[in-house]
Amino acid sequence: MGLSRNVSLSTALRYKGQGPFLTFILHRIGGLGMAIFIGIHILASFLSGDVGNAINAVYESWVFQLFIFFCVLFHAINGLRITIVDLWPKLIEHEREAIWLEWAVFIPVYAIAAFAIIRSALGG
Amino acid sequence: MEVTLKIFRYNPEVDQKFHYETYTLEAEETDRVLDVLERIKGQKDGTLSFRRSCAHGVCGSDALRINGRNMLACKTLVRDVGEKITVEPILGLKVIKDLIVDMEPFFDNYKKILPYFINESPLPADGKERLQSAEARARFDETTKCILCACCTTSCPSFWASDDYLGPAALVTAHRFIFDDRDEAAAERMQIISETSGLARCHTAYNCTLACPREIPITQAIGELKMVSVTGKLD
């Protein structure tokens, strides 16, 4: 007899794994976000009329565009970092620096895109 | 200084669910968390259960989640974790009582990778040692340091999802024997760890390396094994 071994999502997310664990979580959120985007995109193309238009309105909104661009860009840059350390395991010694570099690339690129999306949304 | 410990409690004979109990006591900032736990058990609440043995970071029996991160209680000073300390059992293994978890699934995975030296060749002509160069020994030096505390395996999200996954500790031991040039079962071990419950489930979350009390570069060792599984070459 004993407590179940299952680890709930909230317990898992509370584990203090520092920077690498944060990128691990964001990578999964990014992948899930892209799957949702593609899913509703396909769904909208099958559904005509008001329902299809309503779904189109969701993923064409600037808030969703900010979210999906975050997902795509972070997933791509983090995926590139993981691919590099998988190919050259010795580089894992520099994991901390690699994650700082990843944020250094991500933040300005995302900021420029977010600025453009928001300016366009505001009719600028 | 006064420290407050919030400790995970579960007694299978009484409790349906776990709960937390809080204890406040005096401690030196150079005390180890294990010292404080022993003081609670000795002076405040004798029903508190936890594992400890050597108390010097060698046996690995007091792996706990302290302030949300896996550590050995005997290697963690109060000043490193602060005055408010939360102590919980490691994740992904069934809790038997309080801070004690069932380690069997962990050791079952460990046994799968054949964690012992295999060499069926006759002994050298002098009938003594199988000599090894210093360079060949250095190749797997880091992964000989594992004390099987399970800090790494129970910090791994892939292990939380499924205890079929061999886990970092088993893979570290596999690395130790696969890169030992005196051992003759590297191919057999590579086959075991290349199955779906092995290397492929490492997603480079890096929690294992940060949790290891022996500072073994675990993610790097697993990365080296991944390269062997792809290239089929040990170098």
task = Could you rank B:65, B:214 by how accessible they are, 1.4 Å probe, largest area first?
result = B:214, B:65
task = Work out how much length residue B:77 to residue B:134 would gain on full extension: take 0.36 nm times their residue separation and subtract the Cα-Cα distance, in nm to one decimal.
result = 17.0 nm
query = Where a ≥ b ≥ c are the square roots of the eigenvalues of the C-alpha gyration tensor, would you call the protein assembly as shown rounded, which needs a/c under 1.5, or, failing that, prolate if a/b is larger than b/c, or oblate?
reply = oblate
key: For residues of A:79-89, the mean tally of beta carbons on other chains within 10 Å   = 3
Derived scalar couplings ³J(HN,Hα) [the range A:20-28; Karplus, 6.51 cos²θ - 1.76 cosθ + 1.60; whole Hz; x for Gly, Pro] = x, 5, 4, 5, 4, 5, 5, 4, 5
query = DSSP loop GluC sites (Glu not before Pro) in the range B:1-89 with at most 14 other Cβ atoms within 10 Å of their Cβ, which ones?
reply = B:13, B:28, B:29, B:83
task = Would you calculate the separation in nanometres between label points at residue A:13 and residue A:122, each defined as 7 Å from the Cα along the Cα-to-beta-carbon direction?
result = 3.0
message = How many angstrom lie between the Cα centre of the range A:35-71 and the Cα centre of the range B:66-94?
response = 44
ask   = Does anyone have the angle between helix A:95-121 and the longest principal axis of chain A? Alpha-carbon axes, 0 to 90°, nearest 10?
value = 10
query = Taking every residue in A:114-122, how many Cβ atoms of other protein chains lie within 10 Å of its Cβ, on average?
reply = 0
request  = Evaluate the distance, in nm, between pseudo-label points positioned 7 Å from the Cα of residue B:116 and of residue B:41 along their respective Cα→Cβ axes.
outcome  = 3.1
inquiry  = For residue B:97, give me every one of the lysines with a C-alpha distance below 30 angstrom, ignoring sequence neighbours fewer than eight places off in its own chain.
reply    = A:16, B:6, B:17, B:41, B:44, B:75, B:84, B:111, B:112, B:145
ask   = When you look at the Cβ of every residue in B:59-72, what mean number of other chain Cβ atoms sits within 10 Å?
value = 1
query = Can you give me the relative contact order of the range B:2-101 as a percent, contacts being Cα pairs under 8 Å and 6 or more apart?
reply = 34
inquiry  = Could you compute how much accessible surface residue B:218 exposes when probed at 1.4 Å, giving the result in Å² to the nearest 10?
reply    = 0
task = Using a Förster distance of 45 angstrom, determine the FRET efficiency expected from the C-beta separation of residue B:195 and residue A:115, and round it to 0.05.
result = 0.40
task = Once you have a ≥ b ≥ c as the square roots of the Cα gyration tensor eigenvalues for the range A:18-121, tell me rounded if a/c is under 1.5, and otherwise prolate or oblate according to whether a/b is larger than b/c.
result = prolate
ask   = Going from most exposed to least, what order do B:137, B:130, A:14 have by accessible area with a 1.4 Å probe?
value = A:14, B:137, B:130
query = Between residue B:9 and residues 5 or more places away or on another chain, which pairs have amide H atoms under 5 Å apart, with H built 1.01 Å from N, and which residues are they?
reply = B:19, B:20, B:21
request  = Please list, in chain and number order, the residues 5+ apart from residue B:99 or on another chain whose amide H is under 5 Å from its amide H, with Hs placed from the backbone.
outcome  = B:49
key: Normalised contact order of chain B, rounded percent, pairs of Cα under 8 Å and 6 or more residues apart   = 18
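The values are calculated or read from the model by the stated rules, or taken from the named source; none is laboratory data. These numbers were taken from a predicted model, which means no experiment stands behind them. Cβ sites come from the backbone with ideal geometry, for glycine too, and all protein chains shown count toward neighbours. Quick note on the areas: whole protein, heavy atoms, side chains included, nothing else; ligands and nucleic acids left out. Shrake-Rupley method; radii C 1.70, N 1.55, O 1.52, S 1.80 Å.
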